[in-house]
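What follows is one structure encoded as structure tokens, with my remarks underneath.
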Amino acid sequence: MKSRLKKLGPGLMFAGAAIGVSHLVQSTRAGADFGFGLLWALFFINIIKYPFFQFGPKYTSATGESLLDGYHKLGKPILWIYFLLNLATMFTIQTAVTIVTAGLASTLFGFNLPIEWWAFIVLGICFFILLNGKYSFLDHLMKVIVITLTLSTIIAVIIAIPNTDQPLSFEQIIPSDTLAISFLIAFMGWMPAPLDVSIWQSLWTLEKKKLNPELSQKSILFDFNIGFMSTILVGCCFLALGALVMNHSGETFSPQASSFANQLITLYTQTLGNWTYLIIALAAFTTMFSTTLTTLDASPRAMSKSVELLFNKNYNKGYFYWMVGLAIGTLIIFVFFLSEMAMLVKIATILSFLTAPFYAVVNYILITSKHTPKELRPKKGMRFYSIISILLLISFSIWYLTTV
């Protein structure tokens with residue numbers, strides 16, 4: 001058991017990055033607004049995204065290089081597209097997860113500080129952890145965080161089930177009006193995460209291989225599957241909490257992510273009892289802190305690697321400078337564009353959904369190309385599964401563009 005736990009790492013970091021706004025805010029809101037009616041969407045999007053997330057650690061374990069190296073081999077235009085897409089969304093994504101974490105920290109720790117100060121404190125703590133502990137410390141810390149958030153969320157659901165007086169309905173709903181469709185697309189865009197997180201996973205797998213060179217592909221894929229299944233489980237838990245506690249509550253929820261998170265904790269404790277406050281707050285805070293920490297690590301790691309490949313030059317402090325730039329950019333959005341945050345998040349989530357076919361196609365081409373050893377390429381069953389998933393992602397994008 002101990003040796004198994006030691007081999008885990010990138011998969012749990014994937015879970016830490018994925019379980020964030022998509023779970024705490026959007027899954028809960030899905031349950032609050034639709035009951036259990038969008039369970040189909042949660043399972044559906046996880047199923048069709050799975051192959052392309054898996055190709056990240058699979059390619060890295062097969063070749064010893066990251067997906068970004070593979071993108072570069074497929075042609076610089078592909079790497080440029082990734083670089084520009086990531087540059088366009090990384091600051092918004094970091095701000096979105098940080099503002100929710102800051103709001104939760106303010107509620108949990110009780111100090112009467114402006115939200116901007118809490119954002120600065122949260123980013124400062126994450127920056128210190130990454131700068132001093134580097135990957136090795138992050139690897140150990142995420143095991144504690146992901147296990148804590150999973151257990152606390154499951155406990156919250158167990159407490160909520162006997163305390164609900166609402167009739168439960170598992171009738172599935174396909175939204176038809178423009179507002180509901182927009183929510184559905186945003187929900188699926190970040191569920192369990194944007195597909196470019198597969199690149200983060202490949203970079204983390206490389207770092208893990210440096211610590212444990214003997215890791216087999218079987219161990220790496222087992223680690224990924226544990227992390228991926230965790231995101232589905234926690235997503236179902238937050239949707240269930242929304243359905244059990246918030247559905248038909250009559251509560252009007254704030255469109256601001258941080259205010260919504262605080263309302264969420266308050267409503268849970270009012271419904272389930274004040275003694276549940278610590279469990280709910282712990283589940284919410286660890287969920288968002290893990291996402292803030294992993295995104296602050298992964299985006300700079302990916303951008304630094306992209307620049308090195310694009311300009312064929314090694315930058316020793318590239319990761320550090322990108323991390324500083326991301327932290328400063330996040331704080332600038334906090335100070336000057338906080339009122340536009342809801343719109344920025346909506347754009348980022350929809351862009352994540354609409355670009356999913358691009359990452360799916362590129363990851364599929366790479367894993368089945370000459371750049372992957374023939375014996376380690378996907379088998380016929382996985383290839384068929386992947387092609388069907390690509391067609392479904394494209395169909396959903398077309399449906400959204402022609403409906404909204």
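Would you call P167 outside any helix (DSSP H, G or I) and farther than 25 Å from L326 by Cβ?
Numbers: outside any helix (DSSP H, G or I): yes; farther than 25 Å from L326 by Cβ: yes.
So P167 passes the test.
Conditions tested, residue by residue: (1) open to solvent by 30 Å² or more (accessible area, probe 1.4 Å); (2) closer than 20 Å to K374 by Cβ; (3) of a type in the set (S, T, Y).
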residue	(1), (2), (3)
G16	no, no, no
L24	no, no, no
R29	yes, no, no
F52	no, no, no
F55	no, yes, no
K58	no, yes, no
A62	no, yes, no
L68	no, no, no
P77	yes, no, no
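Pick out the one residue from N86, N46 that is under 20 Å from G227 (Cα atoms), of a type outside the set (V, I, T) and either at pLDDT 85 or above or open to solvent by 40 Å² or more (accessible area, probe 1.4 Å) (or both).
N46
Give the residues of the stretch 94-118 that are open to solvent by 10 Å² or more (accessible area, probe 1.4 Å) and either of a type in the set (F, W, Y) or modelled with pLDDT of 85 or more (or both), sorted by residue number.
Those that are open to solvent by 10 Å² or more (accessible area, probe 1.4 Å) and either of a type in the set (F, W, Y) or modelled with pLDDT of 85 or more (or both): F109, F111, W117, W118.
Residue check: is I265 modelled with pLDDT of 80 or more, β-branched (V, I, T) and either within 22 Å of the chain's Cα centre (by Cα) or under 30 Å from L351 (Cα atoms) (or both)?
Judged against the criteria, I265 is not a match.
Read through the list (1) small (G, A, S); (2) without any contact (Cβ under 8 Å) to a residue 60 or more places away in the chain; (3) crowded, with 17+ Cβ neighbours inside 10 Å, then give the number of the only condition that G381 fails.
Of (1) small (G, A, S); (2) without any contact (Cβ under 8 Å) to a residue 60 or more places away in the chain; (3) crowded, with 17+ Cβ neighbours inside 10 Å, only one is false for G381: (3).
If I filter the stretch 145-155 for residues that are of a type outside the set (V, I, T), in contact (Cβ under 8 Å) with a residue 40 or more places away in the chain and open to solvent by 30 Å² or more (accessible area, probe 1.4 Å), do I get at least one hit?
No, because not a single residue in the stretch 145-155 is of a type outside the set (V, I, T), in contact (Cβ under 8 Å) with a residue 40 or more places away in the chain and open to solvent by 30 Å² or more (accessible area, probe 1.4 Å).
Please find, within the stretch 160-201, the residue that is modelled with the highest pLDDT out of those that are among the β-branched types (V, I, T) and crowded, with 20+ Cβ neighbours inside 10 Å.
I199
Considering only the stretch 234-247, I want to know if a residue exists there that is at pLDDT below 75, more than 16 Å from G35 (Cβ to Cβ) and either touching a His at 6+ places or on another chain (Cβ under 6 Å) or of a type outside the set (A, V, I, L, M, F, W, C) (or both).
Step one: filter the stretch 234-247 for residues at pLDDT below 75, giving 247.
Subset that is more than 16 Å from G35 (Cβ to Cβ): none.
No.
Got at least one residue in the stretch 330-337 being in a loop (DSSP other than H, G, I, E, B), at pLDDT 90 or above and open to solvent by 30 Å² or more (accessible area, probe 1.4 Å)?
Looking for residues that are in a loop (DSSP other than H, G, I, E, B), at pLDDT 90 or above and open to solvent by 30 Å² or more (accessible area, probe 1.4 Å), one finds none in the stretch 330-337, hence no.
Filter the stretch 111-139 for residues that are in a helix (DSSP H, G or I), free of Cβ contacts under 8 Å to residues at least 60 places away in the same chain and either among the hydrophobic types (A, V, I, L, M, F, W, C) or touching an Asp or Glu at 6+ places or on another chain (Cβ under 7 Å) (or both) and give the result.
Once the filter is applied, which keeps residues that are in a helix (DSSP H, G or I), free of Cβ contacts under 8 Å to residues at least 60 places away in the same chain and either among the hydrophobic types (A, V, I, L, M, F, W, C) or touching an Asp or Glu at 6+ places or on another chain (Cβ under 7 Å) (or both), the stretch 111-139 yields W117, W118, I121, I125, F128, F137.
Pairs only if they're at least six apart or on different chains, beta carbon under 9 angstrom, first in the stretch 307-322 and farther than 16 Å from D69 by Cβ and at pLDDT 90 or above, second among the hydroxyl-bearing types (S, T, Y) and assigned to a loop (DSSP other than H, G, I, E, B); list them, first residue then second.
The qualifying pairs are Y321/Y315.
Has the stretch 306-321 got at least one residue that is open to solvent by 40 Å² or more (accessible area, probe 1.4 Å), more than 28 Å from F52 (Cβ to Cβ) and part of a helix (DSSP H, G or I)?
Taking every residue of the stretch 306-321 in turn, at least one turns out to be open to solvent by 40 Å² or more (accessible area, probe 1.4 Å), more than 28 Å from F52 (Cβ to Cβ) and part of a helix (DSSP H, G or I).
Name the single residue that is most open to solvent (accessible area, probe 1.4 Å) among those in the stretch 345-370 being farther than 19 Å from Q54 by Cβ and not basic (K, R).
Applying the first criterion (farther than 19 Å from Q54 by Cβ) to the stretch 345-370 yields 345-351, 353-354, 370.
So of that shortlist, the ones also not basic (K, R) come out as 345, 347-351, 353-354.
Details: V345: 30, I347: 94, A348: 4, T349: 2, I350: 22, L351: 55, F353: 4, L354: 56 Å².
Of everything passing the filter in the stretch 345-370, I347 is most open to solvent (accessible area, probe 1.4 Å).
Yes or no: the stretch 369-378 includes at least one residue that is within 17 Å of T63 (Cβ to Cβ), out of contact with any helix residue (DSSP H, G or I) (no Cβ under 8 Å at 6 or more places or on another chain) and in a loop (DSSP other than H, G, I, E, B). Steps first, please.
Residues of the stretch 369-378 within 17 Å of T63 (Cβ to Cβ): 369-378.
Add one more test, that the residue is out of contact with any helix residue (DSSP H, G or I) (no Cβ under 8 Å at 6 or more places or on another chain), and what stays is 370, 374-375.
Then keep just the ones that are in a loop (DSSP other than H, G, I, E, B); that gives 370.
Checked against the condition, which is being within 17 Å of T63 (Cβ to Cβ), out of contact with any helix residue (DSSP H, G or I) (no Cβ under 8 Å at 6 or more places or on another chain) and in a loop (DSSP other than H, G, I, E, B), the stretch 369-378 yields at least one hit.
Out of all the residues in the stretch 202-216, which are closer than 19 Å to D69 by Cα and either under 19 Å from the mean Cα position of the chain (by Cα) or surrounded by 14 or more Cβ atoms within 10 Å (Cβ to Cβ) (or both)?
Within the stretch 202-216, S202, L203, W204, T205, L206, E207, K208, K209 qualify.
The values are calculated or read from the model by the stated rules, or taken from the named source; none is laboratory data. Since we're looking at a predicted model, the values are computed, not measured. When we count neighbours, we look across all protein chains shown, and the Cβ atoms used for this are built from the backbone with ideal geometry, even at glycine. For accessibility, only protein heavy atoms count, side chains too; no ligands or nucleic acids. Shrake-Rupley method; radii C 1.70, N 1.55, O 1.52, S 1.80 Å.
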